[in-house]
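Notes follow the structure.
The values are calculated or read from the model by the stated rules, or taken from the named source; none is laboratory data. All figures in this text were calculated on a predicted structure; none of them were measured in a lab. Because the Cβ atoms are built from the backbone with ideal geometry, glycine has one as well, and the counts that use them run over all protein chains shown. Surface accessibility is based on the protein's heavy atoms, side chains included, excluding ligands, DNA and RNA. Shrake-Rupley method; radii C 1.70, N 1.55, O 1.52, S 1.80 Å.
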Amino acid sequence: MHYRLSADRNAEAPDRSHYIAVEARLTDITTLEVDLQLPAWRPGRYELQQFAKNIQRFDVVDKAGKSLPFRKISKDCWRVQTNGITELTARYNYYALLPMPNQFNAGSSFVSDTLFYVNPVNLCLYAKGHISEPCTLELAIPDSWTVACGLAQPVSQQAGIRTLWASDFYELVDSPLIAAPIMEHIQYEIDDVQFHVWIQGGRRTNGNPTFNSERIIEDFARFSAKQINLYGEFPERDYHFLTLILPVPYYHGVEHRNSTVLILGPNDEGEGLYQDLLGVSSHELFHAWNIIRIRPTELLPYDFTQENYFSTCFVAEGVTTYYGDLMLRQSGVFTDEAYLKELQVLFKRHFENNGQAFQSLTESSWDLWLDGYDKGVPDRKVSVYHKGAIVALILDLHIRQLTNHARSLDDVMNLMWQRFGKPFIGYTLDDYRAVTETIAGEPLDWYYDLCIFGNQPLEAKLNEYLAWVGLLVVYKEPGPDHAGGIQLLELDNEDGYRQRVRWFGSKLTNLQNESHIGPVPDQKLGKNVVAK
């Protein structure tokens, strides 16, 4: 498959400048019929999004430009009669001006006079039977524009056309891109792996850069090195943080093979925006191992035509959510205070919203395809992100307590990488359980019955393990000098503090008396946070 994308100036609509024109050319045809399939969902968000609804017009021609007969056989699949030809081109356009903030996100596409932002999974169809063949992607953009993407780009380029290569359709649709006339590019290197931080729109109202590039290099290098050390190696030769900064409050990221798309805002928020950048970047980088390569067997390979049900999203997203912030603390990017504030946010989101929910983690993982990204009915489901992270914390502290920190959840994820991620074979829930019990050195029936398959409240079990590291979760009624709800306390406990230092990998300091973690800023809980 060979694709060419351009801004469609011929769309039949007043806002035609926001359509992307697509030419999808298929060569080496040997069959009398070809089925052209557009994906119905995208990796990283497990719900049907029906991208075909954004196509305005569609036709198919042969090499000479003569129309070929075709008909729709499903909502997003077109069957073409080839009439003995060896090459065809599907020509269609895709609406890429989705309303903010709900649909403009790290998984959508957008085109304007100053930005070409594309998630190929939205608008690149594939020919059935050809999904594993090499692909080229051409962008009709000005030569002066910069393209940020994880795909390979040949050195020699045709004037007015930027070409990218993909080994197959799976790589193509897992490689979003940003093209723009102005884009900040920051680079650093860890163990011969090249990391690229691309920032578009990152200017404050006074014209100054939103972020300090030297600070980004120092902090990103720290958490990247810590994650690589956990797994022992990085899966790819390079990695790209594709960052779009908006003037409105926003927080969203999506993982990809050797890149991530991050959308954040507002651009003049200052330190809060930088803390958001750190948190989402660390989270998405951890996905380069966990879900991109350490992938449930039900998702290997992806079937883009329908739901791919699986019950282990608490591993894919819960463990990753736990490690995203923990890696920032263990690498020294976050202080104890900063990490514990993030931990309090996590506890508030679960216990104040879904602490009494009926479903277990495995049930809510399965039902992501039903309503996982909607608010849903009260007390029905749990968040695989929030509860998943809490049960990952419990397991980590349990293994540390059993082994006096000789082993931890780090060893679980490293073994998952060795057994499943590195050879790129899918894992099952039983596989994950076997690995956790191997590292723990004992059966974990209680853990799976309570935390994974059960729906009982977790406060008591969580506090049992938090007490070991000198922490406590409590619920407090609102008062004149403090907000109500879930609060995380530091206890006046010398041994607990020492255990917490070993958990964080930090240095001992003078122990403080029992204290509250600082109040959670309103914007931290109220910002437009988009689930994957």
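With the helix formula -39500 (n - 2.57) applied to DSSP H stretches of n ≥ 4, the chain reaches a computed 222 nm mean residue ellipticity of -8000 deg cm²/dmol.
Each peptide in 58-69, 235-246 was scored by the mean count of other Cβ atoms within 10 Å over its residues; highest first, the order is 235-246, 58-69. Working from Cα positions, state the angle (0 to 90°, nearest 10) between the long axis of helix 271-286 and the longest principal axis of the chain. Once rounded, the angle reads 80 degrees. What part of the accessible area of the chain, given as a whole %, is carbon or sulfur when the probe is 1.4 angstrom? Using a 1.4 Å probe with all protein chains present, the chain comes out at 48 percent carbon and sulfur.
Starting from the Kirkwood radius over alpha-carbon pairs of region 1-149, derive D by Stokes-Einstein at 10 °C in a medium of 1.306 mPa s and give it in µm² s⁻¹.
99 µm²/s
The residue among 279, 107, 67 whose Cα reaches farthest toward the positive pole of the charge dipole of the chain, with charges on the beta-carbon of Lys, Arg, Asp and Glu, is 67. With respect to the chain, whose longest principal axis is taken over its alpha-carbon atoms, helix 429-440 is tilted by about 40°. Placing unit charges on each Cβ (+1 for Lys and Arg, -1 for Asp and Glu) gives region 359-411 a dipole about its Cα centre, and among 364, 385, 405 the Cα reaching farthest toward its positive end belongs to 405. Placing +1 on each Lys and Arg Cβ and -1 on each Asp and Glu Cβ, with no other charges, gives region 353-450 a dipole about its Cα centre of roughly 260 debye. For the chain, the longest principal axis of the Cα atoms and the long axis of helix 320-330 meet at an angle of about 60 degrees. With a threshold of 19 Å on the Cα-Cα distance, the over-threshold entries among 75/128; 341/387; 341/476; 348/461; 341/381; 53/375 are 341/381; 53/375. Picking from 181, 242, 319, whose Cα lies most toward the positive end of the charge dipole for the chain (charges on Cβ: Lys, Arg +1; Asp, Glu -1)? Of the listed residues, the answer is 181.
Work out how much length residue 77 to residue 50 would gain on full extension: take 0.36 nm times their residue separation and subtract the Cα-Cα distance, in nm to one decimal.
Result: 8.6 nm gained on full extension.
Judged by the mean number of other Cβ atoms found within 10 Å, the most tightly packed of the peptides 445-458, 471-484 leads the ranking 445-458, 471-484. Please work out whether region 276-370 counts as rounded, prolate or oblate from its C-alpha gyration tensor, where a ≥ b ≥ c are the square roots of the eigenvalues and a/c under 1.5 means rounded, while otherwise a/b larger than b/c means prolate and anything else oblate? Oblate. Once you sort the root eigenvalues of the Cα gyration tensor of region 406-454 as a ≥ b ≥ c, which label holds: rounded (a/c under 1.5), prolate (a/b larger than b/c) or oblate (the other case)? The shape class here is oblate. Give the shape of the chain as rounded, prolate or oblate, defined through the alpha-carbon gyration tensor: a ≥ b ≥ c are the square roots of its eigenvalues, a/c under 1.5 means rounded, and otherwise the shape is prolate if a/b is larger than b/c and oblate if not. Taking the square roots of the gyration eigenvalues as a ≥ b ≥ c, the chain is prolate. Taken about its Cα centre, the chain carries a charge dipole of roughly 1080 debye when the Cβ of each Lys and Arg holds +1 and the Cβ of each Asp and Glu holds -1. The distance linking region 471-498 with region 356-420 is 24 Å (Cα centroid to Cα centroid, whole angstrom).
A 1.4 Å probe run over the protein chains yields, for the chain, 40 Å² of accessible area per residue, whole-number rounding. A straight Cα-to-Cα reach below 17 Å connects residue 63 with the aspartates and glutamates 23, 28, 33, 87, residues fewer than 8 places away in its own chain not being considered.
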